[in-house]
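The values are calculated or read from the model by the stated rules, or taken from the named source; none is laboratory data. Everything numeric in this text was worked out from a predicted model, so none of it was measured. Heads up, the Cβs are rebuilt from the backbone with ideal geometry, glycines too, and the neighbour counts pull from every protein chain shown. Areas reflect the complete protein model, heavy atoms only, side chains present, ligands, DNA and RNA absent. Shrake-Rupley method; radii C 1.70, N 1.55, O 1.52, S 1.80 Å.
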Amino acid sequence: MATLQIHQFPCLSDNYGVLIHDAERGVTAAIDAPNAEQVRAALKEKGWKLTYVLTTHHHGDHTDGNLELKAETGCVIIGPRAEANKIPGIDTEVGEGDAFRLGSFQVHVLDTPGHTLGHISYWIPAASVAFVGDTIFAMGCGRVIEGTMEMMWGSLAKLAKLPPATRLYCGHEYTISNAKFALAIEPGNAALVKRADEVAKLRAEDKPTLPTRLDIELETNPFLRVTSAEIRKNLKLEAAQDWQVFAEVRERKNRA
Ligand code: ZN
Ligand code: FE
């Protein structure tokens, strides 16, 4: 079976760039292009030639490299249909239910709106990996900028149903701040206490805390843990609907 090589690298102040590569087919995709120069340097380091950019959403810290990389490499830019007019250089528009081949791999598109209205995630089941942009972070989630709280909750709930061993690649390294906040609202979560300790050590050595894995997020991410009795009790939302608990957690994080 073909292997999908994945190379993650820091970009800008706290973004991650990701390259995925199918050596057998000579296919390389960048997941978002925060910055042309840094993506170019990563390609050079790996000796890979860019063939695709997979865009998750229109924000500049995910798309600013698109046009330059396209001009240099002739790569095809795939991105969200629902905000295609805001994706520089977009060639192929995709949305929920679409799937396309990337070398030997089938990529499935999930609509994950909320952070932006058209935000999408890319799931590659055969490689047990999903690229979730600014929807989920380690112990966190994206700010709900364009969509509604209910919409964002729907996106998180959708990702939460992927196979638990799915590795999640996220757009930003916000883990330390997320862990601190998560501990404040669910201090009795032993898995969270342990993980907060682990990520603090990684960051102290300047190592990435990502990718994460869905089962780890289900145990430690307060934005996914809306059924936790401890969180509901702390928020005085014992009888609320799941999305309402999510909304309160998100609002508290905004103020934190
Ligand atoms: Zn964003
Ligand atoms: Fe971002």
Q. Using alpha carbon coordinates only, what is the Rg to Rh ratio of the stretch 120-162, with Rh defined as the Kirkwood radius?
A. 0.97
Q. Among the listed pairs K46/K161; K161/K201; K46/K70, which are separated by more than 25 Å between their Cα atoms?
A. K46/K161; K161/K201
**Q.** GluC sites (Glu not before Pro) within the stretch 167-256, DSSP loop, no more than 15 other Cβ atoms inside 10 Å
**A.** E205, E238
**Q.** Apportionment of accessible area to carbon and sulfur, the stretch 14-157, percent (1.4 Å)
**A.** 49
Q: For the chain, give the magnitude of the charge dipole about the Cα centre (Cβ charges: +1 Lys/Arg, -1 Asp/Glu; no others), in debye to the nearest 20.
A: 480
Q.
Can you sort F223, F100 by solvent-accessible area, 1.4 Å probe, largest first?
A. F100, F223
Q: Starting from one equal scatterer on each C-alpha and no solvent at all, send me the Debye-based log10 I(q)/I(0) for the stretch 1-107 at q = 0.15, 0.18, 0.19, 0.21 Å⁻¹, two decimals.
A: -0.56, -0.82, -0.92, -1.11
Q: With the cut-off at 21 Å, report for the chain the share of all Cα pairs above it, as a whole percent.
A: 57
Q) Which lysines have a Cα less than 21 Å from the Cα of K236, not counting those fewer than 8 places away in the same chain? A) K180, K253
Q | Cα centroid of the stretch 27-89 to Cα centroid of the stretch 183-220, whole Å | A | 30
**Q.** Area projected by the alpha carbon convex hull of the stretch 91-167, averaged over all directions, nm²
**A.** 5.3
Q) Across 5 Å bins from 0, what is the distribution of all Cα-Cα pair distances for the stretch 156-256, in whole percents? A) 2, 12, 23, 24, 23, 11, 4, 1, 0
(Q) Given an 8 Å cut-off on Cα distances and at least 6 residues of separation, report the relative contact order of the chain as a percent. (A) 13
Q.
Keeping every protein chain present and rolling a 1.4 Å probe, give me the accessible area per residue for the chain in Å².
A. 43
